[in-house]
Each structure stands twice: as structure tokens, then as C-alpha cells.
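Report on one structure; see the data block that follows.
The values are calculated or read from the model by the stated rules, or taken from the named source; none is laboratory data. Please read these numbers as outputs of a predicted model, since none were measured by experiment. No Cβ is skipped: glycine too gets one built from the backbone with ideal geometry, and neighbour counts run over all protein chains shown. Ligands, DNA and RNA are excluded from the accessible area calculation, which covers all protein heavy atoms including side chains. Shrake-Rupley method; radii C 1.70, N 1.55, O 1.52, S 1.80 Å.
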Amino acid sequence: MTSSSNSLRPLFTLPVIVAALGYFVDVYDLLLFNIVRVPSLKDLGLSEADISLVGGKIINYQQAGLLVGGILWGILGDKRGRLSVLFGSIITYSVANLLCGFVHDPQLYAWLRFIAGLGLAGELGAGITLVSEILPPRLRGYGSSLVAGVGLLGAVVAYFTVTLFDWRTTYFIGGGLGLGLLLLRVSILESGMFKRAQQTGVSRGNFWALFRGKNQTLRYLRCMGIALPTYLVIGILTTFGNEFGKALGIQEAIQPGRCVMFTYIGMVIGDLLSGALSQWLQSRKKAIGLMMGMAFLFMAIYLFGGISSTSTFYAVCVAMGFSIGYIAMFLTITAESFGTNLRATATTSVANNVRATTLLTIPAFQAMKPSLGVIHSAAIVAIICFGLGLWSLLTMEETYGKELDYSE
């Protein structure tokens, strides 16, 4: 018992705990606008028609911030260190969220969500990179799962916080959580692998080096491809749960906020277990393949299973969430696929590029809806996402147990 306890002790060191809590605050803040969008914009005096238009614009601003930040923080993480990103990103999004609590102008609101997205972009990639580099290979999967499992609870907490407090207060809470976390990060030490890479003089943080050759480009795109089903579920099937409920003929109205909450509950469980599964199978690819297969099955049930009650609908949301609970695993594969001099650049940008795929999938879904309907439009987008995901998984290298102390 003592030996087993000692062998797992690195999982509960401060860097892993802080990475997990950082992702918790990341998810809380990232989803907050989605949840308070309607009440906050109503409070700013917008009409029902304007709320839809302005709300979509603000979401796009936030997504644009994630895209830009994913590249900038990734480069900074490889040039200046993992900790510089963890400090800088949290200050950026914490201040932006505190200011959101005071906003009275929709255009300023949009810019603050852009800045918040910019800051939030650095959190997960830097955290997974740091955890992957400080943990021994036998614990990497467990560490990533711990980070994601704890982090995804932020979505559940965000949902309940909104039900208990005014929308402005929820932003103050998010900003306060971030600044509190900053105090914990003061004691964290930089990754030893990064320090050694600094001493070699090798070029670090060159984003375009990820596309220098065909093999490197495909390696990067495959890391994105295996994650496409995750943001299909989050961005379309969950976010537009009310529309799918109507299309399926469910009598009681489906609440998108509850869809988000139940999906994330499933993701917490899935992410906690997927790392252990990959360690048991001694394969990242097999673990993700099993999860992806389950995701396809539950997606098919969701769209074509004849769901007729709200309880069954929400239960399938939990199941879909569980099956896409390999978010930390696809980022671990990304971290394990690149050398120390490009690891943060690749991992941080992949994390946010995948989030931003909704800028393509949602417009495609919306464009097909008038002619094909909600169900069949989603099915076509899903087939494309799962097809690319399966191709990426089958053609990528296995990274389980890979030694990471090298440069590209």
C-alpha cells in the first residue's frame, strides 16, 4: 500500500494540482458568456431580435481571441517558458472577466470577451505541456486525466453559479477565482526539460516550423483531427439541444443550459477514466479509438434513436459527454508528438484551433438546416468530423511511453 501510494505521489504535487485548478477556472470562464448571454444582453437593453445577432457576434469575438491567443501563448511558452504563459494568461482573463461585471455597452462587452478568450487560450495547453514534462511516462495519462476531470467541473459550477447569482456577480467570481489561483502559481518551478532546451541554443517557439515539411504538417493536423468529434458534440449537439428536442417531437422544452451541464458531467467522468484506460491498454490510440466509437454510437442514438422524453434526452447528453471525455488525452498525444522546443506551441495552438472549428461546423450546420432540417444537417457534419477523426487516429503514431526530452 505504501509503495503504491509513493508511486502515485507525483500526481498530487503542486504543478499538477494548479494545472487542474487552472483548467477549472478556464472552463468556468469560457462557458460563462454562453450561459449568461440572454440575461446579460437583456439587462443591457437589447431586444429579443438584437440579442441573437449581438450574442453571436460576441461569441465570435471570444473565439477569435482563442485563435489568436492559441498561437501567441504557445510561441511564448516555448520561447520564455511554461510558467510565463500560466502567469500571463491568468492575469489577462481574470482582469477581463472582472471588467465584464461592470460593462454597460455591447461593443465593449464584445472586446472584453475577445481579451478574455485571448487569455483563456494559454491555460490548458501550457498546463498539459508542463504536466507531461514533469511526470514520468507511467503517470502521464493519469496526470492529464486528473487535470481534465477537475477542470471540466468548471462547467457544472458555472451553471449552478448562474442560477444562484446575478450575471455580473458570476463574472466577479470568475475573475476572483483566477486571481486566487495566481497566488498558488508563485511556488511552481519551471519544467526541467524546458531549461535544458534553453541551454542548447536550439530555435524555440517557431510556429511556422510546425508546417516545415509534409510529415510535420500531417502530424500537427492529425492531432487536431482526432479531437473533431469532441467539439461537434459540444458546439452543435449540446449547444442547440433545444432545436434537436423540437425536431424529435419532445413535448417538454429542452434547455440548452441543462444540456451543457449534463454533457460536461459525462465529460468529467470520461476524462478521469480515459487516462487510466490508456495506461491499462498501454496505448493512447486504442483508448481514443474506443471513446470515439462510443461517441459515434451515442451520437447516432441522439439523432436517430427516437428519443421521446426529456429524461432520456439528458441521459444521452451525459453518455455523449462521457464518450468525448478524451480531451486531455488528445492534448497529451500532441505534447508527446513534438520536441521540447515546439511542444507548447503545438499543444496550445491545437487546443484552441480545435475549439475554433465551431466557426466552420456551426455555419455549415446552419446553412443546411433550411433544406435538410436539424437532424440531417447535424448528421452530415458529424459524418465529416468522425471521418476525419478516424483517419487521423489510424494514420498517427503511437506515443504511449515516449521519451520527451528531445528537440525537433
(request) Could you please put 269, 383, 173 in sequence from largest to smallest accessible area, using a 1.4 Å probe? (result) 383, 269, 173
(request) Using 0.36 nm per residue of separation minus the Cα-Cα distance, give me the extension gain between residue 49 and residue 380 in nm, one decimal. (result) 116.3 nm
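I need the semi-axes of the equivalent ellipsoid of segment 82-146: take the C-alpha gyration tensor, multiply each eigenvalue by 5, square-root it, list largest first in whole angstrom. Don't skip to the answer; put the middle values down first.
On the way: eigenvalues 208, 20, 12 Å².
In descending order the semi-axes read 32, 10, 8 Å.
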(message) Angle check, please: helix 343-355 long axis (alpha carbons) against the longest principal axis of the chain (alpha carbons), in degrees 0 to 90, nearest 10.
(response) 10
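Going by average Cβ density within 10 Å per residue, which order do the peptides 387-393, 327-333 take, highest to lowest? List each step's numbers first, then the result.
Numbers: 387-393: 18.0, 327-333: 28.7.
Per-residue mean Cβ counts within 10 Å order the peptides as 327-333, 387-393.
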(message) Heavy atoms only, 1.4 Å probe, whole protein assembly: order 398, 252 by accessible area, highest first.
(response) 252, 398
(message) With unit charges on the beta carbons (Lys and Arg positive, Asp and Glu negative) and the dipole taken about the Cα centre of the chain, which residue among 241, 169, 357 sits farthest to the positive side?
(response) 357
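Quick one: what do you get for segment 112-223 if you divide its Cα Rg by 2.2 N^0.38 Å?
1.36
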(request) Order 246, 286, most accessible first, counting only protein heavy atoms with a 1.4 angstrom probe. (result) 246, 286
(message) Over the Cα atoms of segment 270-408, what radius of gyration and what Dmax do you get, in Å?
(response) 17.0, 54
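Please give the length that would be gained between residue 179 and residue 111 if that part of the chain were fully extended, namely 0.36 nm times their separation in residues minus their C-alpha to C-alpha distance (nm, one decimal).
Working: separation 68, 0.36 × 68 = 24.48 nm, distance 2.07 nm.
Gain on extension, residue 179 to residue 111, equals 22.4 nm.
Dipole of segment 299-408, Cα-centred, from +1 at each Lys and Arg C-beta and -1 at each Asp and Glu C-beta, to the nearest 20 debye? Each step should come with its number before you reach the end.
Values: 4 positive and 6 negative charges, 113 e Å.
Charge dipole, segment 299-408, about its Cα centre: 540 debye, nearest 20.
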(request) Using Cα positions and a limit of under 18 Å, work out the lysines in reach of residue 57, with same-chain residues fewer than 8 apart set aside. (result) 42
(request) Would you please state which residues of segment 257-281 a label at residue 301 would reach in this model, taking the label point 7 Å out along Cα→Cβ and a backbone N cut-off of under 20 Å? (result) 258-274
(message) Quick check on packing: order 354-361, 25-32 by the mean number of other C-beta atoms within 10 Å, highest mean leading.
(response) 25-32, 354-361
(request) Please give every one of the aspartates and glutamates within straight-line cross-link reach of residue 285, meaning a C-alpha to C-alpha distance under 16 Å, and leave out same-chain neighbours fewer than 8 residues apart. (result) 271, 336, 397, 398
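So how do 73-83, 153-163 stack up, highest first, on mean other-Cβ count within 10 Å? Show your work: numbers first, answer last.
On the way: 73-83: 24.0, 153-163: 19.1.
Peptide ranking by packing, descending: 73-83, 153-163.
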(request) Using just the alpha carbons, could you tell me how many Å³ per residue the convex hull of segment 175-268 encloses? (result) 194
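What number do you get for segment 243-350 when its Cα radius of gyration is normalised by 2.2 N^0.38 Å, N = residues? Write down the numbers at each step before the final one.
Values: Rg = 16.5 Å, N = 108, 2.2 N^0.38 = 13.0 Å.
Cα Rg divided by the expected 2.2 N^0.38 Å: 1.27.
Can you divide the C-alpha Rg of the chain by 2.2 N^0.38 Å and report the result to two decimal places? Present the calculation step by step, with values, prior to reporting the outcome.
Details: Rg = 20.3 Å, N = 408, 2.2 N^0.38 = 21.6 Å.
Rg over 2.2 N^0.38 Å, computed on Cα atoms: 0.94.
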